[in-house]
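Below is one structure, written out as structure tokens; the observations come after it.
The values are calculated or read from the model by the stated rules, or taken from the named source; none is laboratory data. Here the structure is a predicted model, which is why all the values come from computation and not from measurement. Methodologically, a virtual Cβ is constructed for each residue, glycine included, from the backbone with ideal geometry; neighbour enumeration extends over all protein chains shown.
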Amino acid sequence: MNDNQFATLGLKESIVKAISDLGFTKPSQIQEQSIPAALEGLDLIGQAQTGTGKTAAYTLPIITRMSDASGIKALILAPTRELAVQVNDEIQRLAKYEELETLAVYGGDSIDRQMRALRKGTVDIVVGTPGRMLDLIKRKCLHLESVEFLVLDEADEMLNMGFIDDIEEILSHTPAERQTLLFSATMPAPIAKLAKKYMKPDAKIISVKKSSMTVSKIEQSYFMINNKHRLEALCRLLDLDDPKSAIIFCRTKIGVDELVQELQSKSYMVEGMHGDMTQTHRQSTLNKFKKGTLSLLIATDVAARGIDVEGVTHVFNYDLPQDVESYVHRIGRTGRADKSGIAYSLVTPKDLSMLKQIQNVTKSSITQRPVPTAEAIHNKKFKDMVAKVEEAINAGELTKFIPSAIELAEANDPISIIAALMKIKFENESVFDYSSNNLDAPKKDDVRLFFSVGKRDGLTPKILINYIKDMTRVNTSVIGQIDLMENFSFVTVNETVSNQILDKCPGGKINSKRVNVEVANKRKR
Ligand code: ADP
Ligand code: MG
């Protein structure tokens, strides 16, 4: 007998053994709900966050139910090559006691090798990216008549990347009786439409939502900045809002230390908190913050995890966190106990995809706002000063200042005196020299990229686009003009994705020619 909790779900014993070998003892929520339904043969629409074990949720029932007919019996579509490889590895671990052959197919790797593997006719499960699958179908190497299970993994991501037509075409090559399993972190309308069109009417919908993902009382904004303006943008926001109680988040301990130093050198009263500080130090900082004698606290995600402070008015994401959950955690420090809160994020073009993911998962809107102008900050400070002066007049008790005031008034006109006093006061208060009124936003120019493949290598725009889609997560709408030369080519892309392409695209192969990618020229067009 096996006391692993997976044993009660109706899976084959050899599979339960493989699960135990992996150290899984308890099914995750999505697994607990998906596995029995999938074992019954139902189509499934599963919604759950990343990291909840969706791969096993579909793999386990598939390998339990798979027939021993010949041919490809399961086809799994994933948005990127990294995911395809990851899923393939996980399937191999879960199917280690089964006699199954799996193959990952994706762009950027030799298509010949993949074609040879498929031609042997012994592959049972194919995992891959839609572009490459379609290519292999067209080359008559990928035969889908025997497919019993079709999985769309990270369906929302595939749609975001513009794979919808490819997916529909692949689906049209598979038998209608297949069992279809769709998994997605979010369920936007196009996914529902796709599911309705291609899945059986009795498809089961399973949704595992995390309760902590609600952020409704918090007003969220982001500011699009150049990286070099990060500090100044933060200062401008601090100067304008003058938060009573704010936590400023940095990703790293070094980041916290640096920001503390920079802000302290500009006379902001801040203190930092991270894991390298002693417990007593952290506790004393936290006490000051709780009492309100310290209004700006700079912290790492880890250090802030346990912080439960009432009345935090602002959360600043000096840089965005690495994952959505941390974002939710961070901004949840404000807006507690039914109070409203403000969350500001400083974002560069590189962070846009993360920002989109945050919006999708939290189902909240994060509004873009301009960084405050120097003028707005000055006006705010002048207004505050006027208010303070009036307050002081009303409070009275000015007797001891009267003789000096009379002296000043005898020699100067009153407007000049007031203006001069304000100037002195303001120079004391103004900690950051805002030399320009507006902070320039990042340029969203196009970048021309050089690809080391050309017409001679059989390159067509479609092949090139599919290659970029396979290697990155960029939406093809950011791909502009394509110029194919004999030996190389140029692709104009939006600057927001050029780094991703430069990072991910070199090293693969197109029609067995190795791909190199560089910026074609530094000239912005
Ligand atoms: P998702 O596709 O939902 O993002 P994955 O399928 O990639 O999640 O799984 C995330 C990680 O959790 C993987 O390393 C996987 O091996 C592990 N995992 C999956 N199911 C379980 C389980 N029941 N218990 C422990 N770890 C699990
Ligand atoms: Mg997954």
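Condition test on Gly108, is it modelled with pLDDT of 95 or more and not in a helix (DSSP H, G or I)?
no
Considering every residue within the stretch 495-515, establish whether at least one is aliphatic (A, V, I, L, M) and assigned to a strand (DSSP E or B).
Within the stretch 495-515 (the criterion being aliphatic (A, V, I, L, M) and assigned to a strand (DSSP E or B)), the answer is yes, since at least one residue qualifies.
Which members of the stretch 44-69 meet the condition of being within 14 Å of ligand 1 (Cβ to nearest atom), over 18 Å from Thr122 (Cα atoms), part of a helix (DSSP H, G or I) and out of contact with any Asp or Glu (no Cβ under 6 Å at 6 or more places or on another chain)?
Residues satisfying the conditions are Lys54, Ala56, Ala57, Tyr58, Thr59, Leu60, Pro61.
Restricting attention to strands (runs of 3 or more DSSP E) lying wholly within the stretch 187-295, give those where 3 or more residues are within 27 Å of Ala374 (Cα to Cα) and touching a residue at least 40 places away in the same chain (Cβ under 8 Å).
Because the criterion is at least 3 residues that are within 27 Å of Ala374 (Cα to Cα) and touching a residue at least 40 places away in the same chain (Cβ under 8 Å), the strands (runs of 3 or more DSSP E) in the stretch 187-295 that meet it are 218-224, 246-249.
With Ser365, Ser345 as the choices, which residue is of a type in the set (S, T, N, Q) and under 17 Å from Ile298 (Cβ atoms)?
One residue alone meets the criteria, Ser345.
State yes or no: is Gln481 without any contact (Cβ under 8 Å) to a residue 24 or more places away in the chain and under 32 Å from the mean Cα position of the chain (by Cα)?
Yes, satisfied.
Restricting to the stretch 35-71, name every residue that is more than 16 Å from ligand 2 (Cβ to nearest atom) and buried (at least 23 other Cβ atoms within 10 Å of the Cβ).
Selection gives Ile63 alone.
So, in the stretch 86-105, how many residues would count as being assigned to a loop (DSSP other than H, G, I, E, B) and not hydrophobic (A, V, I, L, M, F, W, C)? Steps first, answer last, please.
Going residue by residue through the stretch 86-105, those that are assigned to a loop (DSSP other than H, G, I, E, B) are 95-101.
This time we only want the ones that are not hydrophobic (A, V, I, L, M, F, W, C), so: 96-99, 101.
Looking only at that region, the number is 5.
If we scan the stretch 79-90, do we find a residue that is touching a residue at least 24 places away in the same chain (Cβ under 8 Å) and touching a Leu at 6+ places or on another chain (Cβ under 6 Å)?
No, that holds for no residue.
Any chance the stretch 428-436 includes a residue that's at pLDDT 85 or above and under 32 Å from the mean Cα position of the chain (by Cα)?
No, because not a single residue in the stretch 428-436 is at pLDDT 85 or above and under 32 Å from the mean Cα position of the chain (by Cα).
Counting just the residues of the stretch 136-165 that are assigned to a helix (DSSP H, G or I) and out of contact with any strand residue (DSSP E or B) (no Cβ under 9 Å at 6 or more places or on another chain), which one comes out farthest from ligand 2 (Cβ to nearest atom)?
That would be Lys138.
Checking the conditions here, which among Glu32, Glu98 is more than 12 Å from ligand 2 (Cβ to nearest atom), surrounded by 16 or more Cβ atoms within 10 Å (Cβ to Cβ), within 28 Å of the chain's Cα centre (by Cα) and among the acidic types (Asp, Glu)?
Exactly one residue qualifies, and that residue is Glu32.
Can you name every residue in the stretch 405-422 that is exposed (fewer than 11 other Cβ atoms within 10 Å of the Cβ) and not in a helix (DSSP H, G or I)?
Asp413, the sole residue that qualifies.
Okay, residues lined up against (1) within 30 Å of Asn360 (Cβ to Cβ); (2) of a type outside the set (Lys, Arg); (3) at pLDDT 90 or above; (4) touching a Leu at 6+ places or on another chain (Cβ under 6 Å):
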residue: Val215; (1), (2), (3), (4): yes, yes, no, no
residue: Ala233; (1), (2), (3), (4): yes, yes, yes, yes
residue: Ile247; (1), (2), (3), (4): yes, yes, yes, yes
residue: Gln261; (1), (2), (3), (4): no, yes, yes, no
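Here are some residues: Ile205, Ile254. Which one is hydrophobic (A, V, I, L, M, F, W, C), under 27 Å from the mean Cα position of the chain (by Cα) and surrounded by 14 or more Cβ atoms within 10 Å (Cβ to Cβ)?
Step by step, each of Ile205, Ile254 is checked, and only Ile205 is hydrophobic (A, V, I, L, M, F, W, C), under 27 Å from the mean Cα position of the chain (by Cα) and surrounded by 14 or more Cβ atoms within 10 Å (Cβ to Cβ).
Among residues belonging to the stretch 311-335 that are in contact (Cβ under 8 Å) with a residue 60 or more places away in the chain and among the hydroxyl-bearing types (Ser, Thr, Tyr), point out the one that is nearest to Pro243 (Cα to Cα).
Selected residue: Thr313.
Of the numbered conditions (1) more than 22 Å from Ser14 (Cα to Cα); (2) within 16 Å of ligand 1 (Cβ to nearest atom), Lys96 fails exactly one; give the number of that condition.
(1)
Working only within the stretch 170-191, note down all residues that are more than 16 Å from ligand 2 (Cβ to nearest atom) and under 26 Å from Arg65 (Cβ atoms). If you could, list the steps in order and put the result at the bottom.
Let us first name the residues in the stretch 170-191 that are more than 16 Å from ligand 2 (Cβ to nearest atom), namely 170-180, 188-190.
The answer is Ile170, Leu171, Ser172, His173, Thr174, Pro175, Ala176, Glu177, Arg178, Gln179, Thr180.
For Met133, all conditions in the list (1) of a type outside the set (Asp, Glu); (2) within 29 Å of Asn475 (Cβ to Cβ); (3) within 15 Å of ligand 1 (Cβ to nearest atom); (4) assigned to a helix (DSSP H, G or I) hold save one; what is the number of the exception?
Against the list (1) of a type outside the set (Asp, Glu); (2) within 29 Å of Asn475 (Cβ to Cβ); (3) within 15 Å of ligand 1 (Cβ to nearest atom); (4) assigned to a helix (DSSP H, G or I), Met133 comes up short only on (3).
Counting just the residues of the stretch 6-20 that are touching a Phe, Trp or Tyr at 6+ places or on another chain (Cβ under 9 Å) and within 13 Å of ligand 1 (Cβ to nearest atom), which one comes out nearest to Ala203 (Cα to Cα)?
Phe6
Looking at (1) away from ligand 1 (no atom under 16 Å from the Cβ); (2) at negative phi, which one does Gly162 not meet, given that it meets all the others?
Unmet for Gly162, out of (1) away from ligand 1 (no atom under 16 Å from the Cβ); (2) at negative phi: (2).
If you check Arg93, Arg113, which single one turns out to be under 30 Å from Asn511 (Cα atoms), charged (D, E, K, R) and either modelled with pLDDT of 95 or more or surrounded by fewer than 21 Cβ atoms within 10 Å (Cβ to Cβ) (or both)?
Arg113
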